[in-house]
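Asker: The structure's right below; bear with me while I get my questions together.
The values are calculated or read from the model by the stated rules, or taken from the named source; none is laboratory data. Predicted model only: the values in this text are computed from it and were never measured. Glycine gets a Cβ as well: all are built from the backbone with ideal geometry, and neighbour counts include every protein chain shown.
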Amino acid sequence: MQTSWIPFIPESASTVSSKVDALYFYLSGVTLFFTLLISGVIVFFVIKYRRRSPFEIPRQIAGSHKLETMWSVVPFIIAMSMFAWGAQIYFENARPPKNANEIYVVGKQWMWKIQHSTGQREINELHVPVGRKIKLIMTAEDTIHDFFIPAFRIKADVLPGKFTTQWFEATKAGTYHLFCAEYCGMNHSGMIGSVIVMQPSEFDNWLSGNAGQQSPAVAGQLLYQSLGCVSCHGANGEGGRGPGLVGLFGRKVDLTNGQSLTADESYVRESIENPQAKIVAGFGPIMPTFQGQVTPEQLIQLMSFIKSLQVTGAPAATAPGPKLAPSPASAPSAAPNRR
Ligand code: HEC
Ligand SMILES: [Cu+2]
């Protein structure tokens with residue numbers, strides 16, 4: 001839908017923005033229609049049924065099933081159409097596509113710290129290519145913030161102690177506003193930045209412009225060694241006293257309490273900060289908590305490293321450690337992982 005002619009609507013620059021606008025116009029249209037209808041009918045009735053003589057007694061009306069059914073069913077259908085349409089856009093927005101490029105966002109009073117998977121960092125600026133799906137993995141260091149890009153019609157809370165995600169695909173090169181949309185303290189109003197959408201080739205140039213940076217996955221591998229994760233999960237995440245971590249993201253994990261879940265950022269974070277909360281089936285609660293020992297940024301690095309441990313080929317991170325033979329304890333749980 002072409003909306004650029006409407007002065008108060010922000011520019012529309014992502015694949016979802018025109019869909020959000022269409023729904024918004026539908027809601028506004030329905031609201032406007034009924035506002036006009038009802039106010040018109042009020043004026044009409046006030047005139048039509050005005051009192052004409054001091055002792056007039058109006059004609060009595062007994063009620064009408066037909067009328068009552070109609071004014072229940074019609075609004076129901078309209079309300080459900082809003083719900084269904086809204087839910088459809090919500091679900092599309094809430095589920096990042098699997099092949100999206102990942103960018104990490106950390107909010108703190110009062111700035112946005114951004115890191116690309118190559119290691120490239122930026123502050124209050126987010127460079128992205130046109131026409132590629134981007135998934136933002138976001139957390140906060142201190143208090144609740146909210147990452148809002150009006151031109152993309154996306155907005156999501158950024159929380160301390162948790163990872164939230166949102167995704168977009170930019171459709172137009174340009175520079176767009178980035179806001180914090182959750183009051184977060186004195187300089188909240190200054191927590192703004194810009195999203196710079198570039199042509200893919202230009203973006204690739206920009207991304208490789210700052211060579212020699214350590215990627216979060218490589219930094220994560222060093223942490224994985226220095227924090228002693230190796231002693232239980234194996235040098236390359238092949239498992240041992242703890243479960244194998246190769247291919248963990250997106251994998252189904254069975255827990256000792258009989259439940260199961262799909263491993264995502266929030267689960268992995270919880271596994272590191274509060275390992276007792278969910279115990280993987282076949283293992284004991286022996287993993288120590290790392291709460292307070294790793295900063296949000298280090299958590300991101302550990303997660304990137306675990307993500308890089310893919311079944312196909314070597315881990316993206318370099319410097320493989322000595323190969324450990326998987327212990328019998330890990331063998332049953334590790335087997336279904338090797339998809
Ligand atoms: C003392 C051994 C030990 C150490 C050290 C340890 N873990 Fe664990 N880890 C385990 C065990 C055992 C489990 C499975 C039981 C559970 O869920 O707590 C586990 C579970 C996990 C899981 C969930 C795996 C799954 O398949 O669902 C992740 C992720 C994880 N650990 C990451 C780490 C990271 C990162 C470190 C280092 C910062 C670490 N662990 C250090 C023993 C350990
Ligand atoms: Cu903020």
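Asker: Of everything in the stretch 124-145, what is in contact with a Lys or Arg (Cβ under 6 Å, 6 or more places away or on another chain) and touching a residue at least 60 places away in the same chain (Cβ under 8 Å)? Give them in sequence order.
Answerer: 141
Asker: Then there's this: Out of the residues in the stretch 73-116 that are within 15 Å of the chain's Cα centre (by Cα) and closer than 19 Å to residue 25 by Cβ, state the one that is surrounded by the most Cβ atoms within 10 Å (Cβ to Cβ).
Answerer: Filtering the stretch 73-116 for residues that are within 15 Å of the chain's Cα centre (by Cα) and closer than 19 Å to residue 25 by Cβ, the one surrounded by the most Cβ atoms within 10 Å (Cβ to Cβ) comes out as 93.
Asker: Inspect all residues belonging to the stretch 254-262 and state whether any of them is closer than 29 Å to residue 116 by Cβ and not assigned by TED's automatic domain parsing to the domain that holds residue 141.
Answerer: Start the filter on the stretch 254-262 by keeping residues that are closer than 29 Å to residue 116 by Cβ, which leaves 261-262.
Those left that are additionally not assigned by TED's automatic domain parsing to the domain that holds residue 141: 261-262.
Yes, because at least one residue in the stretch 254-262 is closer than 29 Å to residue 116 by Cβ and not assigned by TED's automatic domain parsing to the domain that holds residue 141.
Asker: Let me ask something else. Considering only helices (runs of 4 or more DSSP H) fully contained in the stretch 230-335, which possess at least 2 residues that are near ligand 1 (Cβ under 9 Å from one of its atoms) and at pLDDT 85 or above?
Answerer: Details: elements: 230-233, 265-273, 296-308, 331-334.
Per the criteria, 230-233, 265-273, 296-308.
Asker: Restricting attention to the stretch 216-227, does a residue exist that is over 24 Å from residue 124 (Cβ atoms), without any contact (Cβ under 8 Å) to a residue 24 or more places away in the chain, part of a loop (DSSP other than H, G, I, E, B) and within 16 Å of ligand 1 (Cβ to nearest atom)?
Answerer: Within the stretch 216-227, none of the residues are over 24 Å from residue 124 (Cβ atoms), without any contact (Cβ under 8 Å) to a residue 24 or more places away in the chain, part of a loop (DSSP other than H, G, I, E, B) and within 16 Å of ligand 1 (Cβ to nearest atom).
Asker: Does the stretch 189-238 hold any residues that are hydrophobic (A, V, I, L, M, F, W, C), in contact with a Cys (Cβ under 9 Å, 6 or more places away or on another chain) and away from ligand 2 (no atom under 16 Å from the Cβ), and which are they?
Answerer: First pass over the stretch 189-238, keeping only residues hydrophobic (A, V, I, L, M, F, W, C): 191-192, 195-198, 203, 206-207, 211, 217-219, 222-223, 227, 229-230, 232, 235.
With in contact with a Cys (Cβ under 9 Å, 6 or more places away or on another chain) added as a condition, the list becomes 191-192, 223.
If the condition is that a residue be hydrophobic (A, V, I, L, M, F, W, C), in contact with a Cys (Cβ under 9 Å, 6 or more places away or on another chain) and away from ligand 2 (no atom under 16 Å from the Cβ), then 223 is the only one that fits.
Asker: Residues in the stretch 118-162 that are over 20 Å from residue 95 (Cβ atoms) and either in a loop (DSSP other than H, G, I, E, B) or within 16 Å of ligand 1 (Cβ to nearest atom) (or both): how many?
Answerer: Selection size over the stretch 118-162: 10.
Asker: Test residue 200 against the criterion of being within 19 Å of the chain's Cα centre (by Cα) and touching a residue at least 40 places away in the same chain (Cβ under 8 Å), and give yes or no.
Answerer: Details: within 19 Å of the chain's Cα centre (by Cα): no; touching a residue at least 40 places away in the same chain (Cβ under 8 Å): yes.
Here the answer is no, as residue 200 does not meet what is asked.
Asker: Take the residues of the stretch 239-282 that are surrounded by fewer than 19 Cβ atoms within 10 Å (Cβ to Cβ) and among the charged types (D, E, K, R): which is farthest from ligand 2 (Cβ to nearest atom)?
Answerer: Residue satisfying both the conditions and the ranking: 241.
Asker: Quick one: residue 171 ticks every box in (1) surrounded by fewer than 20 Cβ atoms within 10 Å (Cβ to Cβ); (2) away from ligand 2 (no atom under 12 Å from the Cβ); (3) hydroxyl-bearing (Ser, Thr, Tyr); (4) within 25 Å of residue 298 (Cα to Cα) except a single one, so which number is it?
Answerer: For residue 171, the exception is condition (4).
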